[in-house]
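Okay, structure first, notes after.
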Amino acid sequence: MDSILKHTRSAKERIVELCSLLDSVPPTQCMKSECGDWCCTKLDSACDENGNFMSLPLIYTIEFYAIAQYIYDKFSVDEHARFFYAEPKERKCVFRDNGRCLIYPVRPFSCRVYGREVPDIFWGIEYPQGSAASIHCRNCRIKDEGMESGFLARYPKIWDKLYKLSHELPVVESENKPFFSAVTGLDEIIILGWYERCELLAGSTGWFNKQFAAWWQTYSQLL
């Protein structure tokens, strides 16, 4: 947890830029009385037959540090362990509490666009027309329709900005980079779940050689 705090402080300027970017997204309102069972509040993490989890939602590196800063600022020291040492056996989002989002002011961009009608671009990838329609919920209401057209025009560039803000931010401690690269063949991972990010920054050599290697074999194709 000390390493997360250290890197969070070093990412302070980028976090400010991220928050400004997220604040430009027009807010939505969920018509709860009509909402179905697929709502984001019911989102569960993925799990394979060997017990390897992929925690959801997936977040950019810069979003991870923005959330970490919010936790340090808004929650007591005793509560920090609940988030930074979350057990993967709990499949619901670690930030969900009786239907509420505990980090709502800094919730990820993917959460902010969940349910709204957007272009067929997700995680910065352009999909065939209509293939991303499943994220659109008719019960998701835009609070200020006048702002929506401008947001939709900026939408593809926001994904690009999230990547740029995340690039070269630490995803693993320097002493574990050789193990990380040996498993993944990469220098960094821009998009990953909360639990995996916490483990990468705190993981021992044994964890990298055993647990992370098995996890990567199962889920790397989904990233």
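The values are calculated or read from the model by the stated rules, or taken from the named source; none is laboratory data. Note that the structure is a prediction, hence the values are computed from the model and not measured. FYI the Cβ positions are ideal-geometry reconstructions off the backbone, even for glycines, and counts take in every protein chain you see.
Can you name the residue in the stretch 188-200 that is out of contact with any strand residue (DSSP E or B) (no Cβ under 8 Å at 6 or more places or on another chain) and modelled with pLDDT under 90 and, of all such residues, is surrounded by the most Cβ atoms within 10 Å (Cβ to Cβ)? Once the filter is applied, the top-ranked residue is GLU199.
Of all residues in the stretch 203-222, those satisfying the criterion of being among the small types (Gly, Ala, Ser), assigned to a helix (DSSP H, G or I) and either surrounded by 12 or more Cβ atoms within 10 Å (Cβ to Cβ) or touching an Asp or Glu at 6+ places or on another chain (Cβ under 8 Å) (or both) are ALA213, ALA214, SER220. When the stretch 58-79 is examined, which residues are found to be buried (at least 21 other Cβ atoms within 10 Å of the Cβ) and of a type in the set (Gly, Ala, Ser)? If the condition is that a residue be buried (at least 21 other Cβ atoms within 10 Å of the Cβ) and of a type in the set (Gly, Ala, Ser), then ALA66, ALA68 are the ones that fit. Given ILE59, ILE15, which one is part of a strand (DSSP E or B) and either at pLDDT 95 or above or not acidic (Asp, Glu) (or both)? ILE59 is the lone residue from the list that is part of a strand (DSSP E or B) and either at pLDDT 95 or above or not acidic (Asp, Glu) (or both). With respect to the conditions (1) surrounded by 15 or more Cβ atoms within 10 Å (Cβ to Cβ); (2) without any contact (Cβ under 8 Å) to a residue 60 or more places away in the chain, GLY185 falls short on a single one, namely (1). The lone criterion from (1) out of contact with any Ser or Thr (no Cβ under 9 Å at 6 or more places or on another chain); (2) in contact (Cβ under 8 Å) with a residue 60 or more places away in the chain left unmet by PHE180 is number (2).
Just give me the residues in the stretch 104-163 being among the small types (Gly, Ala, Ser), modelled with pLDDT under 85 and surrounded by fewer than 13 Cβ atoms within 10 Å (Cβ to Cβ), in sequence order. Listed by number, the residues that qualify are GLY130, SER131, ALA133, SER134. When the criteria are applied in full, LYS157 meets the requirement of being part of a helix (DSSP H, G or I), within 25 Å of GLU117 (Cα to Cα) and free of Cβ contacts under 8 Å to residues at least 12 places away in the same chain.
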